[in-house]
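Everything below concerns the one structure shown next.
Please treat every number below as a calculation from the coordinates, not as lab data. Remember, it's a predicted structure, so these values are computed and weren't measured experimentally. A quick note on method: Cβ atoms are made from the backbone with ideal geometry, for glycine too, and the neighbour counts reach across all protein chains shown.
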Amino acid sequence: MILKKNKKKDAPCGTPIPQQDYGTTPEAKSEAEILFDKIGEGAAHAVKRPKDPKTDRQLRKLVADANGSGNDCIINVGFGYYRPGDDDSFEFELYIAGERSRAKEILRKCRRMEEVYDRRYQ
């Protein structure tokens, strides 16, 4: 069970809220691997994200691991997952800009949190 801020007025903050189980199953992992193997070059060969949340989570993990390995480049800018080809430079740059923007926002948030923590406790 995950602790999340409970938005109901009659429940105190930190009250456990039941969450959907998006863990993994062998079937979801197998389906994700099949989809990952189908990811092709160019938007025309894109693989759509699966509707099943467990399979989707596994596929996103496979893509993240592949991109982080330094041996692959898989993007998704709305067409599904694909390896950008020569004709996809605009989409590739769009994807990279989005990733950099998210990274910068996370760093900004961390700095602000550190400032608040330092003011309170140091």
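What to note about this one:
- Along segment 65-78 the Karplus relation, 6.51 cos²θ - 1.76 cosθ + 1.60 evaluated at θ = phi - 60°, assigns HN-Hα couplings of 5, 5, 5, x, 6, x, 10, 8, 9, 10, 10, 8, 10, x Hz to successive residues, with x for each Gly and Pro.
- Here segment 25-121 yields Rg over Rh of 1.12, to two decimals, using C-alpha coordinates and the Kirkwood radius.
- Computed E for A97/K51 - FRET, C-beta separation, R0 30 angstrom, nearest 0.05: 0.60
- R112/N67 FRET efficiency (R0 35 Å; Cβ-Cβ; nearest 0.05): 0.80
- Relative to the Cα centre, the charge distribution of segment 25-121, modelled as +1 at Lys and Arg Cβ and -1 at Asp and Glu Cβ, gives a dipole magnitude of about 760 debye.
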